[in-house]
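*Asks:* Would you mind keeping the following structure in view while I ask a few things?
The values are calculated or read from the model by the stated rules, or taken from the named source; none is laboratory data. Note that the coordinates shown come from a computational prediction; the quantities given were computed from them, not determined experimentally. Cβ placement follows ideal geometry from the backbone for every residue including glycine, while neighbour counts extend to all protein chains displayed.
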Amino acid sequence: MRKPLTYVALSIGLLIMAAPFLWMALSAFKTDEELGGSKTVWIPSEWTLDQFRALLDKLDLPLYFMNSVIVAVLVTVCNLVFCSMLGYALAKLDFFGRNKVFALVLAALMVPGNLMLLPMYVLMNKLDLLDSYAGLVLPFAAGAFGVFLMRQFMQSIPDELLEAARMDGASEWYIFWRIVMPLVKPALATLGILTFLGSWNNFVWPLIATNDPDKYTLPVALATFANDPNKVAGSNGVLMAGSLLVVLPVLLVFLVLQRHFKPDLATAGLK
């Protein structure tokens, strides 16, 4: 009896968590009459793409979508490269002040992100990087959580494997790219998904750092559109369609990288 009850409880929890997303996704294909009616309708009686067409007419969706893609991809790639490098140095290289650097990383994890908004804005303004892709990417090019994650994962790699490569004449650069990086694919996939998700959904910093509408990311553009009474009047379906388009890239990234969520045995090279 315990296993069926567990499945029932988990299924109920899943339905509660997924209900808002399902409502949003289904509402994007409903007509205005079904959305504005007094009767709640879950499944559209007539599936339509009118809400997406209206969204394209009222919003420069390709521009904002491309801005979000550029920023999220650059932030993700920078984090994967820089966090992996620093994580490898903290985990496998012996240098003066290593423990102090790691303590600084841990301290950075304890600082709320909102406290850094004002210093980042002042710095980007001094560097004249506001209203630019660089101003949206550089403040998040490397995160303390990513460094901590990669450092902890790389510590599980046997030192004997790296020492054998050094005895064969391999350089540290070769060891990092050809030996260590293939062994940490699960951690890279996790970091990639979390970083892309955080960057794609980032709203506060793009809102602060951009005044030019041509540099708006998709969440900022959609929020600006939602607060414009002249455009959004009677357009709940359009907002649902826009919200669905914001969510879809994150789901796509997760589906692409989820196959790397498997236990990789770093000791396989020693057998």
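*Asks:* For VAL111, work out the one condition from (1) surrounded by 11 or more Cβ atoms within 10 Å (Cβ to Cβ); (2) of a type in the set (Val, Ile, Thr); (3) farther than 30 Å from LEU252 by Cβ it doesn't fulfil.
*Replies:* Just one mismatch for VAL111, condition (1).
*Asks:* Give the residue, chosen from PHE148, PHE153, that is within 24 Å of ARG98 (Cα to Cα) and at pLDDT below 90.
*Replies:* After applying the criteria, what remains is PHE153.
*Asks:* Same structure, new question: Could you check region 171-199 and list, in sequence order, the residues that are of a type in the set (A, V, I, L, M, F, W, C), closer than 26 Å to ILE70 by Cα and touching a Leu at 6+ places or on another chain (Cβ under 8 Å)?
*Replies:* The answer is MET181, ALA187, LEU188, ALA189, LEU191, ILE193.
*Asks:* Related question: Tell me, which residue of region 36-62 that is loosely packed, with under 15 Cβ neighbours inside 10 Å and aliphatic (A, V, I, L, M) is farthest from ASN227 (Cα to Cα)?
*Replies:* ILE43
*Asks:* Right, here's the next one. Condition check: within 18 Å of ILE157 (Cβ to Cβ) and either at pLDDT below 90 or under 20 Å from the mean Cα position of the chain (by Cα) (or both). Does LEU117 satisfy that?
*Replies:* No: the conditions fail for LEU117.
*Asks:* Right, here's the next one. Looking at PHE82, PHE96, can you tell me which residue is over 24 Å from the mean Cα position of the chain (by Cα) and either touching a residue at least 40 places away in the same chain (Cβ under 8 Å) or farther than 21 Å from ILE193 by Cα (or both)?
*Replies:* Being over 24 Å from the mean Cα position of the chain (by Cα) and either touching a residue at least 40 places away in the same chain (Cβ under 8 Å) or farther than 21 Å from ILE193 by Cα (or both) holds for just one of PHE82, PHE96, which is PHE96.
*Asks:* Still on this structure: Given the structure, is VAL71 within 30 Å of GLN152 (Cβ to Cβ) and in contact with a Phe, Trp or Tyr (Cβ under 8 Å, 6 or more places away or on another chain)?
*Replies:* Here the answer is yes, as VAL71 does meet what is asked.
*Asks:* Inspect region 25-35 for any residue being without any contact (Cβ under 8 Å) to a residue 60 or more places away in the chain, surrounded by 15 or more Cβ atoms within 10 Å (Cβ to Cβ) and assigned to a helix (DSSP H, G or I) and give the result as yes or no.
*Replies:* Checked against the condition, which is being without any contact (Cβ under 8 Å) to a residue 60 or more places away in the chain, surrounded by 15 or more Cβ atoms within 10 Å (Cβ to Cβ) and assigned to a helix (DSSP H, G or I), region 25-35 yields at least one hit.
*Asks:* Just one of LEU207, LEU222, LEU239 is in contact (Cβ under 8 Å) with a residue 40 or more places away in the chain and part of a helix (DSSP H, G or I); which is it?
*Replies:* Step by step, each of LEU207, LEU222, LEU239 is checked, and only LEU222 is in contact (Cβ under 8 Å) with a residue 40 or more places away in the chain and part of a helix (DSSP H, G or I).
*Asks:* Having 3 or more residues that are under 25 Å from PRO213 (Cβ atoms) is the bar; report the helices (runs of 4 or more DSSP H) wholly within region 70-187 that clear it.
*Replies:* 117-126, 133-137
*Asks:* Just give me the residues in region 131-144 being in contact (Cβ under 8 Å) with a residue 40 or more places away in the chain and either crowded, with 18+ Cβ neighbours inside 10 Å or within 22 Å of LEU104 (Cβ to Cβ) (or both), in sequence order.
*Replies:* GLY135, LEU136, VAL137, PRO139, PHE140, ALA141, ALA142, GLY143, listed by residue number.
*Asks:* Every residue in region 153-174 that is free of Cβ contacts under 8 Å to residues at least 60 places away in the same chain and within 28 Å of the chain's Cα centre (by Cα), please.
*Replies:* Within region 153-174, just TRP173 meets the criteria.
*Asks:* Here are LEU10, LEU5: which of them is part of a helix (DSSP H, G or I) and surrounded by 10 or more Cβ atoms within 10 Å (Cβ to Cβ)?
*Replies:* Answer to the check: LEU10.
*Asks:* Let me ask something additional. Output the residue which, of all residues in region 193-208 that are surrounded by 21 or more Cβ atoms within 10 Å (Cβ to Cβ) and not polar (S, T, N, Q), is farthest from VAL246 (Cα to Cα).
*Replies:* TRP205
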